[in-house]
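Comments concern the structure below.
Just so it is clear, none of the values below were taken in a lab; they were calculated from the coordinates. Quick caveat, the model's predicted, so the values are computed rather than measured. Don't worry about glycine lacking a Cβ; one is built from the backbone with ideal geometry, like all the others, and counts go over all protein chains shown.
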Amino acid sequence: MTDPKTQTETEQAESGSEPTLAGVEGNSAEAAQDPVAELEAALVAAEQKALAFQDAMLRMQAEMENLRKRMARDLERSRRLALVQLMIDLVPVRDSLERGLEAADLAGTVEALREGKLMTMKMLCKVMADHGLEEIDPRGAAFNPEFHEAISMLPSDEAPADTVLEVVQKGYRLHERLIRPARVVVSRGPERD
C-alpha cells in the first residue's frame, strides 16, 4: 500500500508540475484583493467626510445669511431709534416756531418777534449740538481744503495768503464727518504793484 501523500508527489513529479501551495495562492489572492478593499473603504470614508464638510459648509452659509439679516434689522432699528430721539428733541423747536408765527399774527412788536426767533435759534442750536453737530466757522484761520470751500480769493494787506477773510456759509461736521464744507473767501496776500 502506498501512502496517498507519496502517490500525489509521485504523480506530480511524473507530470512535471510543481506542487502548489493552496494556502500561498489564497494569501496572494487575498493580498491582491486587500488593497482594492482598502481603497474602496478609504473612498467611502472620504465621501462621508466630504458630505459632512458640505453639510457643515451649508449650515455655516445659512448661519452667515441669518447673521447678515439680523445685522441689517439691528442697524435699521438703531437708525430708527436715533431718528426718534432727534424728533423728540426737535418737536419743542417746532412748537416754538409755531408760537412765534401765532405771535406775529397777533401783531406783536418787532422786538418780541426777534426775541422769539432768538430763543428758537438757541433751542435749535442746542438740539444740534446735543446730537453731535459741530459748526465750522473758520474766520481768520488758515484755509483747509478738507473743511473749507473757497468761492473767491481777494488781495489783503492785513491777512497773509491762504487765510480765511470771510465766511459766506458756515460748514458742519457730525461725529468727525463733514456734512457741509464752510464756503469762504480766502486771502491772496498783499496786492503787488
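For every other residue with a beta carbon closer than 11 angstrom to the beta carbon of G171, add +1 if it is Lys or Arg and -1 if Asp or Glu, then tell me the sum.
Values: positive: K170, R173, R180, R183; negative: E134, E135, D137, E146, E149.
Neighbour charge sum, excluding G171 itself: -1.
Among residues other than A42 with Cβ under 13 Å from its Cβ, the summed charge is -3 (Lys and Arg +1, Asp and Glu -1).
Placing +1 at every Lys and Arg Cβ and -1 at every Asp and Glu Cβ, with all other atoms neutral, what dipole size does segment 130-174 have around its Cα centre, in debye to the nearest 20? Mind showing how you got there, number by number?
Working: 3 positive and 10 negative charges, 15 e Å.
Dipole of segment 130-174, to the nearest 20 debye: 80 debye.
Compute the length gained on full extension between A46 and L113: take 0.36 nm times their separation in residues and subtract their Cα-Cα distance, giving the result in nm to one decimal. Provide the component values of the computation, followed by the final result.
Details: separation 67, 0.36 × 67 = 24.12 nm, distance 8.43 nm.
Gain on stretching A46 to L113: 15.7 nm.
Taking a straight Cα-Cα cut-off under 23 Å and skipping sequence neighbours fewer than 8 places away in the same chain, the lysines within cross-link reach of K170 are K117, K122, K126.
Lys and Arg at +1, Asp and Glu at -1: add these up for the other residues within a Cβ distance under 14 Å of E65 and post the number.
Local net charge: +4.
Each principal axis of segment 29-131 carries a Cα extent, and these read 116, 21, 12 Å when sorted largest first.
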